[in-house]
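Where a number appears in this text, it was derived from the coordinates with a stated rule and is not lab data. Bear in mind that the values here come from a model prediction, so they are computed numbers and not experimental data. Cβ: placed from backbone, ideal geometry, glycine included. Neighbour counts: every protein chain shown.
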Amino acid sequence: MKMTGNTILMTGGGSGIGEALAQRFHDQGNVVIVAGRRLETLEAACKGRENMHALMLDVESAEGITAFAAQVLEHFPALNVLVNNAGIMRYERVDTARDLGDAEATLVTNVLGPIRLIDALVDHLAAQEGSAIVNVTSGLAFVPLSGTPTYSASKAAMHSYTQSLREMLRGRVEVIELAPPAVQTDLTPGQSTREGYQPLGEFSDEVMGLFAQDPTPEEILVERVKPLRFSEVEGKQGAIMANLTAASRRMFEQLGT
């Protein structure tokens, strides 16, 4: 993936990983469109940055995604890179009957949203030179966090989907998976200052260095996520999952659930 001269669409670009990477790509000389539900946060991410633009997008709406894609292509016909970063993460107890609203919202946002947006843009991207699709998954795609079971499953699904997409588009569109570790963002309450999580700036700098490699790796993996990514082949998955389960129990205690 080339590092400059792109027109990049970043979903979930108003905060966290999406905002940080959108701004770094913009610094590299790319036109960047950040998309999400809250216009004020998107505009704040773009403030003072020429050729960085904010558009509202509700990834839960199939009709909204179709209309959004048409709007993007009308105003930014040079679009050649899609970064599916938008996502939600909810703590859920699955050891007792519950309201499945959080699980359903997670699957729609984290799985159907990216699939629908890819479908709406894939023909355009396949006709562009230097095109790429980047799907943001998670280290939890490889070792689930039992306290966020649907989130973990959604990222595992997107890892698999990305592999299939890569093969189907090989030679036409570069397909890249970015699997972050636990990063200090506002994805969940208290996460932005949680001890042991990778600082956002450090993570983003490492990611940009990996994107700049020639050729760009098919999987963008910072050092902190590699123990999760390769846990099964290294025979460490059970031990890591036990540690993550203990962390889930502590979180449920803090939440009083």
First in segment 46-66 and free of Cβ contacts under 8 Å to residues at least 40 places away in the same chain, second anywhere and of a type in the set (Lys, Arg) and surrounded by 14 or more Cβ atoms within 10 Å (Cβ to Cβ), Cβ under 8 Å, 6 or more apart:
56/37; 58/37
Filtering helices (runs of 4 or more DSSP H) wholly in segment 83-185 for at least 3 residues that are within 21 Å of residue 36 (Cβ to Cβ), in contact with a Leu (Cβ under 8 Å, 6 or more places away or on another chain) and aliphatic (A, V, I, L, M) gives 113-126
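Residues are listed down the side, and each one gets a yes or a no for (1) farther than 19 Å from residue 130 by Cα; (2) of a type outside the set (Val, Ile, Thr); (3) touching a residue at least 24 places away in the same chain (Cβ under 8 Å); (4) surrounded by 13 or more Cβ atoms within 10 Å (Cβ to Cβ):
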| position | (1), (2), (3), (4) |
| --- | --- |
| 197 | yes, yes, no, yes |
| 200 | yes, yes, yes, yes |
| 211 | no, yes, yes, yes |
| 214 | no, yes, no, no |
| 221 | yes, yes, yes, yes |
| 232 | yes, yes, yes, yes |
| 235 | yes, yes, no, no |
| 241 | yes, yes, yes, yes |
| 246 | yes, yes, no, no |
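Provide a single number: the residues in segment 160-173 that are under 17 Å from the mean Cα position of the chain (by Cα) and either surrounded by 18 or more Cβ atoms within 10 Å (Cβ to Cβ) or in contact (Cβ under 8 Å) with a residue 24 or more places away in the chain (or both). So that I can check it myself, show each step before the final result.
Narrowing segment 160-173 to residues under 17 Å from the mean Cα position of the chain (by Cα): 160-163, 165-166.
Restricting the remaining residues to those that are either surrounded by 18 or more Cβ atoms within 10 Å (Cβ to Cβ) or in contact (Cβ under 8 Å) with a residue 24 or more places away in the chain (or both) gives 161-162, 165-166.
Summing the residues that are under 17 Å from the mean Cα position of the chain (by Cα) and either surrounded by 18 or more Cβ atoms within 10 Å (Cβ to Cβ) or in contact (Cβ under 8 Å) with a residue 24 or more places away in the chain (or both) in segment 160-173 gives 4.
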Here is a list of conditions, (1) of a type outside the set (A, V, I, L, M); (2) under 18 Å from residue 152 (Cα atoms); (3) touching a Ser or Thr at 6+ places or on another chain (Cβ under 8 Å); (4) buried (at least 16 other Cβ atoms within 10 Å of the Cβ), and residue 192 meets all of them except one; can you say which number that is?
(2)
